[in-house]
Amino acid sequence: MDVKNQIKTLKPYQPGKTIESVKKEYGLEKVIKLASNENPFGCSKKAVQAIQQSLHELAIYPDGYATELREAVAKKLNVDEESLIFGNGSDEVIEILSRSILHPGDNIVTAWPTFSQYRHNAIIEGADIIEVPLKDGGHDLEAMKQAINEQTKIVWVCNPNNPSGTYVSNDVLVSFLEQVPSNILVVLDEAYKEYVVAEDYPDSIALLERFPNVTVLRTFSKAYGLAALRVGYGVGNKEFVTMLNAAREPFNNVRMSQFAAAAALADDDFIETCRQKNREGLEKFYSFCEKHGLTYYPSQTNFILVDFNRPGNEVFDYLLKKGYIVRSGEALGFPTCVRITVGTEEEVDGVLSAIEQLIKK
């Protein structure tokens, strides 16, 4: 059997090392995973209760319309229910957007380095990719605007950006949106929105009425701590989203995932606690980096990208042997950096202690 030529150019997603595999490989009793930006504090107890209550319904197909979750998100964001599309993680919404819009010969405009799935899905659809280098670790929206041409169909803005953790402010974003042609879709990927503390971060939902060519992506995998259940969603123009839903698989969110996400959405106290603890952890990283002369990007996420001025794989391997799984920047477009998820207080102290040993060596 043959496949599309563009598929042959891609490599399957390579997941990071698992905790069990690292324990076995290095003979370690304890291993901490700080590579995938998961919530170290788990999820809301309300979500767990919702899962437990749904276990007796495993023989029943999920609600393809995600009615209960749809109502909860619409109420939370004060948007029309029909302006929402739900996916098996926001990854699937990215796939649906790409499948629905892109043709061979079209192109996307995106920053680089940024989330890899924008590029990945464009390649599958036979579209071209215009990548605009980050400026000081952040999106260079002026250069991205200049890169737009007649073949551009989607502009991706990861805000805050993964893997740098930087963000685009409200005034800069609005100025950019005012200059993008209205027939080009601008996707604001806000997977880490719940961790943001910057006062000038955009209220993207409020921008939707003014800019009908904007779609916002969010997820329950990060701050809500439901990564295993794979629930993400998009918010956009109602007529546009209605058409997108035709490209969505009929039962793409499992029943317990929908109930858990709706319950998690109602627990504001849990999210606020996670946001505060995450900020405390980031401040520890900042102080450590400044003490040891390490360059880093101030982050609005639950991870930090640190430049060690040496191959990222070297730092990754050293920390792996110490029982800490992080993400080498060599695979992320930052060859001398390492991306580290902000864990619990104990986990942050532990990985910083291991890094200090590396620096002293």
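The values are calculated or read from the model by the stated rules, or taken from the named source; none is laboratory data. Note that the structure is a prediction, hence the values are computed from the model and not measured. Please note: Cβ atoms are built from the backbone with ideal geometry, for glycine as well, and neighbour counts cover all protein chains shown. Accessible surface areas use protein heavy atoms only, side chains included; no ligands, DNA or RNA. Shrake-Rupley method; radii C 1.70, N 1.55, O 1.52, S 1.80 Å.
What list of ³J(HN,Hα) couplings, whole Hz, do you get for the stretch 226-241 from phi and the Karplus terms 6.51, -1.76, 1.60, once you set θ to phi - 60° and write x for glycine and proline?
Couplings: 10, 4, 5, 9, 6, 10, x, 7, x, 10, x, 4, 4, 5, 5, 5 Hz.
Hey, in the GNM for the chain with a 10 angstrom Cα cutoff, which one of Leu319, Leu77, Leu34 fluctuates hardest?
Highest fluctuation among the options: Leu77.
Take the chain, connect every pair of alpha-carbon atoms lying under 10 Å apart with a spring to form a Gaussian network, then pick out the residue of Gly27, Gly323, Gly281 with the largest mean-square fluctuation.
Evaluated over the chain, the most mobile residue of the options is Gly27.
Would you mind getting the accessible area per residue of the chain, heavy atoms of the protein chains only, 1.4 Å probe, in Å²? Walk me through the numbers on the way to the answer.
On the way: 17030 Å² over 361 residues.
Here the per-residue accessible area is 47 Å².
Compute the distance in nm between two label points, each set 7 Å from the Cα along the Cα-to-Cβ direction, one at Thr344 and one at Glu290.
So the label points at Thr344 and Glu290 sit 2.8 nm apart.
What 222 nm value per residue comes from the helices of the chain, counting each DSSP H run with n ≥ 4 as -39,500 (n - 2.57) and dividing by all residues, nearest 500 deg cm²/dmol? Display every interim value, and only then the final one.
Numbers: 14 runs with 143 residues, N = 361.
Value at 222 nm, helices only, nearest 500: -11500 deg cm²/dmol.
Sort out for me the Cα centre separation of the stretch 212-231 from the stretch 96-129, rounded to whole Å.
Cα centres, the stretch 212-231 to the stretch 96-129: 19 Å.
Need the C-alpha centroid separation for the stretch 4-31 versus the stretch 305-361, integer Å.
Between the Cα centre of the stretch 4-31 and that of the stretch 305-361, the gap is 17 Å.
Any idea which of Leu332, Val196, Thr219 is furthest toward the positive side of the dipole for the chain, if Lys and Arg beta-carbons carry +1 and Asp and Glu beta-carbons -1?
Leu332
If contacts are Cα pairs under 8 angstrom and at least 6 residues apart, what is the relative contact order of the chain in percent? Don't jump to the answer; show the numbers that get you there.
Details: 664 pairs, mean separation 85.7, N = 361.
Relative contact order for the chain comes out at 24 percent.
Quick check: at a probe of 1.4 Å, how many percent of the accessible area of the stretch 187-339 sits on carbon and sulfur atoms? Numbers along the way, then the final one.
On the way: 3100 of 6160 Å².
On the stretch 187-339, the fraction of accessible area on carbon and sulfur atoms equals 50 percent.
Could you report the accessible area of His103 in Å², rounded to 10, computed with a 1.4 Å probe on the protein chains as they sit in the structure?
Counting only protein heavy atoms, the figure is 110 Å².
May I ask you to give the percent of accessible area on the stretch 1-108 that is carbon plus sulfur, with a probe radius of 1.4 Å?
Ligands and nucleic acids excluded, carbon and sulfur give 53 percent.
Could you check which residue among Ser44, Ser100, Ser175 shows the biggest mean-square fluctuation in a GNM of the chain with a 10 Å Cα cutoff?
Looking only at Ser44, Ser100, Ser175, the biggest GNM fluctuation is shown by Ser175.
Report, by chain and number, residues whose modeled amide H sits under 5 Å from the one on Asn162, excluding near sequence neighbours (fewer than 5 apart, same chain).
Phe115
Given R₀ = 41 Å, FRET efficiency for Ile359-Gln146 by Cβ-Cβ distance, to 0.05?
0.50
Give the accessible area for Val48 in Å² (nearest 10); use a 1.4 Å probe, count only protein heavy atoms, and leave out ligands, DNA and RNA.
60 Å²
Enumerate the residues in the stretch 305-321 having an amide nitrogen under 12 Å from the point lying 7 Å beyond the Cα of Glu25 toward its Cβ.
316-321
With the Cα gyration tensor of the stretch 245-319 in hand, give its eigenvalues times 5 under a square root as the equivalent ellipsoid semi-axes, listed largest first in whole angstrom.
36, 20, 10
Given axes a ≥ b ≥ c from the Cα gyration tensor, I'd like to know whether the stretch 291-361 is rounded (a/c under 1.5), prolate (a/b larger than b/c) or oblate.
Numbers: a/c = 1.29, a/b = 1.06, b/c = 1.22.
Since a/c stays below 1.5, the shape of the stretch 291-361 is classed as rounded.
Ignoring everything but the protein chains, give the 1.4 Å probe accessible area of Cys158 in square angstrom, nearest 10.
10 Å²
Share of antiparallel DSSP beta bridges in the stretch 1-154, in percent to the nearest 5?
Around 10 percent antiparallel, to the nearest 5.
Given axes a ≥ b ≥ c from the Cα gyration tensor, I'd like to know whether the stretch 1-110 is rounded (a/c under 1.5), prolate (a/b larger than b/c) or oblate. Numbers along the way, then the final one.
Details: a/c = 1.95, a/b = 1.03, b/c = 1.89.
Because a/c hits 1.5 or more and a/b fails to exceed b/c, the stretch 1-110 counts as oblate.
Gln6 to Asp268: extension gain in nm, 0.36 nm per residue of separation minus the Cα-Cα distance? Intermediate results must be reported in sequence, preceding the final value.
Details: separation 262, 0.36 × 262 = 94.32 nm, distance 4.35 nm.
Using 0.36 nm per residue and subtracting the Cα-Cα distance, I get 90.0 nm.
Among bridges DSSP assigns within the chain, what percent are antiparallel (round to 5)? Provide the component values of the computation, followed by the final result.
Numbers: 18 of 38 bridges.
Percentage antiparallel, nearest 5: 45.
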